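J.: The following block contains the structure, expressed as structure tokens.
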Amino acid sequence: MNKIFSALLWIAAVTSMLYALFGSYNIIQLNTSYSKGESAFYIGFYKLFWTAGLMWLIIACTMGYGGPVHKILSIKIFGPLGRLTYCIYLTHVAIILCDISSRRMTTYYTDFSQVQAFFGDMFFVTICATILSVFLESPLMIIEKIIFGRREPPKRKQPQIELVPPIGPEQVGGGENRTH
């Protein structure tokens, strides 16, 4: 792939992801008016823009066009953190539902109570996710490696190059025993 084309795709990806993040700024402002068309366009396409940018990031990093982004995302600590955040994703809904269903009366929501609930839930979810990762996911990964072996890319066959000795005057016929 051409470097210019790759750079243009990076610019498009970053622009689309920034639009997905900050495109709603004018829409959510209380004291400004916005157009319904702008709002409809943003609501209709912001997920698509985010996904398209993320798609290019993944493709670029796997195909060798990631550059510094790939180097940052390839840091060793992101492996265990990625598995932990996936376990957090799997367990957070169950913890929140248990918290909500255990309430017996209506709750008055304040900023402080919401911050307190967030950090309490986050702490408990992180503990549950760590237990899930250590006692379930990691042993299953080890069993999977034992059963299926490590995935290594297939080795490419290198073309066999025969080394031919350099041609000297003896092979050409121009040595000391030359008769003509």
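J.: Answer yes or no as to whether Thr51 is assigned by TED's automatic domain parsing to the domain that holds Lys3 and within 28 Å of Met1 (Cα to Cα).
T.: yes
J.: Okay, next question. For Gly66, which of the numbered conditions (1) outside the structural domain of Met141 (by TED's automatic domain parsing); (2) touching a Leu at 6+ places or on another chain (Cβ under 7 Å) fails to hold?
T.: (2)
J.: Quickly run through the stretch 55-66 and pick out the residues that are surrounded by 13 or more Cβ atoms within 10 Å (Cβ to Cβ) and either among the hydrophobic types (A, V, I, L, M, F, W, C) or at positive phi (or both). Please lay out each step first, then the result.
T.: Going residue by residue through the stretch 55-66, those that are surrounded by 13 or more Cβ atoms within 10 Å (Cβ to Cβ) are 56-57, 59-61, 65-66.
Result: Trp56, Leu57, Ile59, Ala60, Cys61.
J.: Val69: under 25 Å from Val14 (Cβ atoms), among the β-branched types (Val, Ile, Thr) and surrounded by 10 or more Cβ atoms within 10 Å (Cβ to Cβ), yes or no?
T.: The answer is yes for Val69.
J.: Tell me yes or no: at least one residue of the stretch 16-30 is outside any loop (DSSP other than H, G, I, E, B), of a type outside the set (A, V, I, L, M, F, W, C) and closer than 19 Å to Lys3 by Cα.
T.: No; the residues of the stretch 16-30 include none that is outside any loop (DSSP other than H, G, I, E, B), of a type outside the set (A, V, I, L, M, F, W, C) and closer than 19 Å to Lys3 by Cα.
J.: Any residue at all in the stretch 73-82 that is more than 27 Å from Ser138 (Cα to Cα), surrounded by 12 or more Cβ atoms within 10 Å (Cβ to Cβ) and either hydrophobic (A, V, I, L, M, F, W, C) or in contact (Cβ under 8 Å) with a residue 12 or more places away in the chain (or both)? Please lay out each step first, then the result.
T.: Step one: list which residues in the stretch 73-82 are more than 27 Å from Ser138 (Cα to Cα), which gives none.
Checked against the condition, which is being more than 27 Å from Ser138 (Cα to Cα), surrounded by 12 or more Cβ atoms within 10 Å (Cβ to Cβ) and either hydrophobic (A, V, I, L, M, F, W, C) or in contact (Cβ under 8 Å) with a residue 12 or more places away in the chain (or both), the stretch 73-82 yields no hits at all.
J.: Scan the stretch 3-15 and tell me whether some residue there is surrounded by fewer than 11 Cβ atoms within 10 Å (Cβ to Cβ), at pLDDT 95 or above and not assigned by TED's automatic domain parsing to the domain that holds Ile131.
T.: Yes: one or more hits.
J.: Among the residues in the stretch 55-65, are any touching a Ser or Thr at 6+ places or on another chain (Cβ under 8 Å), part of a helix (DSSP H, G or I) and in contact (Cβ under 8 Å) with a residue 24 or more places away in the chain?
T.: Yes, there is a match, as at least one residue in the stretch 55-65 is touching a Ser or Thr at 6+ places or on another chain (Cβ under 8 Å), part of a helix (DSSP H, G or I) and in contact (Cβ under 8 Å) with a residue 24 or more places away in the chain.
J.: Evaluate the following for Ile100: is it outside any loop (DSSP other than H, G, I, E, B) and modelled with pLDDT of 90 or more? If you could, list the steps in order and put the result at the bottom.
T.: Numbers: outside any loop (DSSP other than H, G, I, E, B): yes; modelled with pLDDT of 90 or more: no.
So Ile100 does not fit the description; no.
J.: Within the stretch 72-112, track down each residue that is hydroxyl-bearing (Ser, Thr, Tyr) and either under 30 Å from Leu8 (Cα atoms) or touching a strand residue (DSSP E or B) at 6+ places or on another chain (Cβ under 8 Å) (or both).
T.: In the first step, residues of the stretch 72-112 are kept if they are hydroxyl-bearing (Ser, Thr, Tyr); the result is 74, 85-86, 89, 91, 101-102, 106-110.
Residue satisfying the conditions is Ser74 alone.
J.: If a residue must be under 24 Å from Gly53 (Cβ atoms) and part of a loop (DSSP other than H, G, I, E, B), how many such residues does the stretch 31-42 contain?
T.: Residues in the stretch 31-42 being under 24 Å from Gly53 (Cβ atoms) and part of a loop (DSSP other than H, G, I, E, B): 1 in total.
The values are calculated or read from the model by the stated rules, or taken from the named source; none is laboratory data. Nothing here was measured: the structure is a model prediction, and the numbers come from that model. Reconstructed Cβ throughout: ideal geometry from the backbone, glycine too, with neighbour counts over all protein chains shown.
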